[in-house]
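Have a look at the structure below before the remarks.
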Amino acid sequence: QKEVEQNSGPLSVPEGAIASLNCTYSDRGSQSFFWYRQYSGKSPELIMSIYSNGDKEDGRFTAQLNKASQYVSLLIRDSQPSDSATYLCAVNNAGNMLTFGGGTRLMVKP
Amino acid sequence: SQTIHQWPATLVQPVGSPLSLECTVEGTSNPNLYWYRQAAGRGLQLLFYSVGIGQISSEVPQNLSASRPQDRQFILSSKKLLLSDSGFYLCAWSWGYQNTGELFFGEGSRLTVL
């Protein structure tokens with residue numbers, strides 16, 4: 001069974017610090033990787049997509065992919081209280097399906 | 001730009017009653033459409049997906065059904081709700097052609113079955 005694993009948290013970081021969120025996946029054939037942010041009671045919002053090994057930066061967010069280690073991470077620089085949410089890692093194995101991890105709850109304390 | 005809407009946003013239903021949740025996508029043609037459920041404190045569970053009108057694939061056997069009567073309309077139904085059907089239901093779409101894998105969610109429908 002194809003799996004995506006995340007630490008459920010909560011991950012607590014002080015305001016201004018770097019938050020590091022991690023995700024591992026089981027299917028070596030996975031091609032596309034995504035990070036979603038979900039505020040409490042709201043629907044998931046796509047914040048980052050990454051398709052090749054290395055880093056991809058977008059503003060305060062950096063996604064990192066290491067296919068050899070089957071590992072995806074999301075770094076949030078200068079964390080703000082508004083970044084407090086659950087972050088979902090998702091992996092596209094083939095075709096039209098995404099497999100989601102259980103999410104990591106991030107708390108940014110002022 | 002593309003938008004997705006689903007309704008109703010919130011509903012409380014008694015056990016054994018029917019259910020109908022509706023979702024529409026604007027600004028694109030022939031999208032792939034999905035219904036997910038998220039139980040309290042749990043991950044996303046794929047219920048149904050569709051690659052075209054009348055084409056529905058079910059991922060989890062249950063008392064729910066889905067239909068796609070029009071290209072950009074997706075409906076989730078039940079004839080008789082169970083307590084275990086409570087949860088946050090999410091409709092989503094992805095590109096039908098040149099699919100990048102990105103999935104875009106609607107606002108969600110929170111269902112409480114009493």
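Sorted largest first, the principal axis extents computed over the alpha-carbon atoms of the stretch B:1-79 equal 36, 25, 24 Å.
Between the alpha-carbon centers of the stretch A:36-52 and the stretch B:40-114, tell me the distance in whole angstrom. For the stretch A:36-52 versus the stretch B:40-114, the Cα centre distance is 18 Å. The distance separating the Cα centre of the stretch A:19-33 from that of the stretch A:59-103 comes to 8 Å.
With the contact rule set at Cα under 8 Å and sequence spacing of 6 or more, what percent relative contact order holds for chain B? Mind dumping the intermediate values first?
Values: 286 pairs, mean separation 40.9, N = 114.
The value is 36 percent.
For trypsin sites (Lys or Arg not before Pro), the sites in the stretch A:9-110 that DSSP calls loop and that have at most 16 other Cβ atoms within 10 Å are A:R28, A:K42, A:R60, A:K67, A:R77. The Rg/Rh ratio for chain A is 0.96, where Rg is the radius of gyration of the alpha carbons and Rh is the Kirkwood radius. Judged by the mean number of other Cβ atoms found within 10 Å, the most tightly packed of the peptides A:3-15, B:37-49, B:82-94 leads the ranking B:82-94, B:37-49, A:3-15.
Counting Cβ atoms of other protein chains within 10 Å of each Cβ in A:83-92 and taking the mean gives 2. Taking chymotrypsin sites (Phe, Trp or Tyr not before Pro) across the stretch A:39-110, the ones in a DSSP loop with at most 14 further Cβ atoms lying within 10 angstrom of their Cβ are A:Y39, A:Y51. Which log10 I(q)/I(0) values, to two decimals, does the protein assembly as shown give at q = 0.07, 0.08, 0.13 Å⁻¹ under the Debye formula with one point per Cα? Results for the protein assembly as shown at q = 0.07, 0.08, 0.13 Å⁻¹ read -0.22, -0.29, -0.77. Note on A:K42: lysines with a C-alpha under 28 Å away, same-chain residues under 8 apart excluded, are A:K2, A:K56, A:K109, B:K79, B:K80. Among the trypsin sites (Lys or Arg not before Pro) in the stretch B:57-114, those placed in a DSSP loop whose Cβ has at most 12 other Cβ atoms within 10 Å are B:K79, B:K80. Take every Cα pair under 8 Å whose residues are at least 6 apart in sequence, average their separation, divide by the length of chain A, and the relative contact order is 38 percent.
Is there a simple number for the mean count of other chain Cβ atoms within 10 Å of the Cβ of residues in B:101-110, and what is it?
5
On the protein assembly as shown, 50 percent of the accessible area sits on carbon and sulfur atoms, based on a 1.4 Å probe.
The values are calculated or read from the model by the stated rules, or taken from the named source; none is laboratory data. What you are looking at is a predicted structure, and each value in this text was computed from that prediction instead of being measured. Cβ atoms come from the backbone with ideal geometry, glycine included; neighbour counts cover every protein chain shown. Keep in mind that these areas ignore ligands, DNA and RNA; they rest on the heavy atoms of the full protein, side chains included. Shrake-Rupley method; radii C 1.70, N 1.55, O 1.52, S 1.80 Å.
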